[in-house]
């Protein structure tokens, strides 16, 4: 007997995104046609022709159902849509969400909560489902990296940027969403941890500032220059009081030099107030390209991205380690 060929059950990454977007478009279109069937079609079409919101919804539904240029591909699991289509759907989704929330808000303000609850029951919850569908489209088309981080395959996702390292050829490819930023030599790339970013579990401090030169041999200042000195002494006294209070609360901090400038004392106080081993809330890193062979590309930043989550911090540390090992 001839053996039947089994049907593959593995789906292509990104096919679920296309299915979800088309399903949302078909639900909105079906509800729209149902509302038009309850009234005169000619009057509804005339009202749509003179309504800019209806025209925008028609364009939005066309893009959402047809999805021109969309294709699920294995190498782009999170970006089956072209970049222009993602931006267009996100733009029209935001407009539709604002219009739906504004219309429902005006209805609640004029009719009251009791009539609103009756309207929600009469429309089978459409007054709540419509803004949720627009918000779902905006969330699906949100900016994100091309793939998830896979440290074994040397793929890193930090924010909306994706970095892949080929150890055999020592090349690195950087993507911003679905757009290729460039291809670089991995030995010419390095990760720069900005002030407040955690590197290996420690807080990276800012650049050290040189202390002010001694003023022992200078003559006494004039009468008009004595006021800034008094202000500086007051700021130094307040800073000393804050440092003493912080140390009394149980936080360990390095005592600033009395002769150091105010900027250095403020940086020392801020670094002492931050808990040790915990990164700042808005920590950022830079991927630098230092190519001696390319004129004008010494210490050029390929991208700068904020570490918004713990996954981004872990991927950034793994990227830094991988680039040092190449």
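Taking only pairs six or more apart or across chains, which ones have beta-carbon atoms under 8 Å, a first residue in the stretch 165-179 that is more than 21 Å from residue 78 (Cα to Cα) and assigned by TED's automatic domain parsing to the domain that holds residue 305, and a second residue that is part of a loop (DSSP other than H, G, I, E, B) and at pLDDT below 90?
Listed by first residue and then by second, the contacts come to 167/326; 170/326.
For the stretch 159-172, how many residues are surrounded by fewer than 19 Cβ atoms within 10 Å (Cβ to Cβ) and over 22 Å from residue 142 (Cα atoms)?
Within the stretch 159-172, residues that are surrounded by fewer than 19 Cβ atoms within 10 Å (Cβ to Cβ) and over 22 Å from residue 142 (Cα atoms) number 6.
Only one of (1) at pLDDT below 90; (2) under 22 Å from the mean Cα position of the chain (by Cα); (3) farther than 30 Å from residue 180 by Cβ fails for residue 76. Which number is that?
Among (1) at pLDDT below 90; (2) under 22 Å from the mean Cα position of the chain (by Cα); (3) farther than 30 Å from residue 180 by Cβ, residue 76 violates only (3).
So is residue 103 outside the structural domain of residue 164 (by TED's automatic domain parsing) and in contact with a strand residue (DSSP E or B) (Cβ under 7 Å, 6 or more places away or on another chain) or not?
no
Which of the following residues is crowded, with 16+ Cβ neighbours inside 10 Å and modelled with pLDDT under 90: 14, 25, 47?
Criteria check complete, one pass: 14.
Restricting to the stretch 93-137, give me the number of residues that are surrounded by 12 or more Cβ atoms within 10 Å (Cβ to Cβ) and closer than 20 Å to residue 36 by Cβ.
14
Could you say which residue among 48, 39 is in the same structural domain as residue 129 (by TED's automatic domain parsing), under 24 Å from residue 131 (Cα atoms) and in a loop (DSSP other than H, G, I, E, B)?
39
The values are calculated or read from the model by the stated rules, or taken from the named source; none is laboratory data. Note that the coordinates shown come from a computational prediction; the quantities given were computed from them, not determined experimentally. All Cβ positions, glycine included, derive from the backbone under ideal geometry; neighbour counts span all protein chains shown.
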